[in-house]
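Working notes, structure below.
The values are calculated or read from the model by the stated rules, or taken from the named source; none is laboratory data. What you are looking at is a predicted structure, and each value in this text was computed from that prediction instead of being measured. Positions of Cβ are generated from backbone atoms using ideal geometry, with glycine treated the same way; all protein chains shown enter the neighbour counts.
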């Protein structure tokens, strides 16, 4: 009976702190100030772990599909005046045991010079994004690497973050290009 009491206390403690796992992550920028505030589209490889032979993280076509799939999502980034960056959780993973979607968490968003990076994790997955900011500050391209707690296999691929510009800014950019 005593054993179940400790299990109940541990479960209660875990459930009490779970809301804090999905809080936006913050980080302080280093070097030149780059304002990353806005809505962004992120496109990256779709990663998966093979069940029931859990062997780690894999990329490319999901088993049974003929074409490579990329995951696309919208994310909201806020770059505060004090230099901290906040990224709201923006993607889900599917919990097959509980048959529901759960949000990935974000940690360590950083910008150092033109290099931008952050980590996304959940469901045993840990994805490291590291890319270079374009001259106009509206695109970040780089590599994302994935690990999964189920095994040693790792995967990586290209990612692209594109800022969603208001219509007036898009028009002004086209006018500048025409010269």
Residue match in segment 162-169 (condition: in a strand (DSSP E or B), over 15 Å from residue 57 (Cα atoms) and at pLDDT 80 or above): yes
Please name all residue pairs, on different chains or six or more residues apart, with Cβ atoms under 7 Å, provided the first residue is in segment 33-48 and is closer than 13 Å to residue 138 by Cβ and the second residue is modelled with pLDDT of 85 or more and assigned to a loop (DSSP other than H, G, I, E, B). 34/137; 38/164; 39/164; 40/164; 41/164
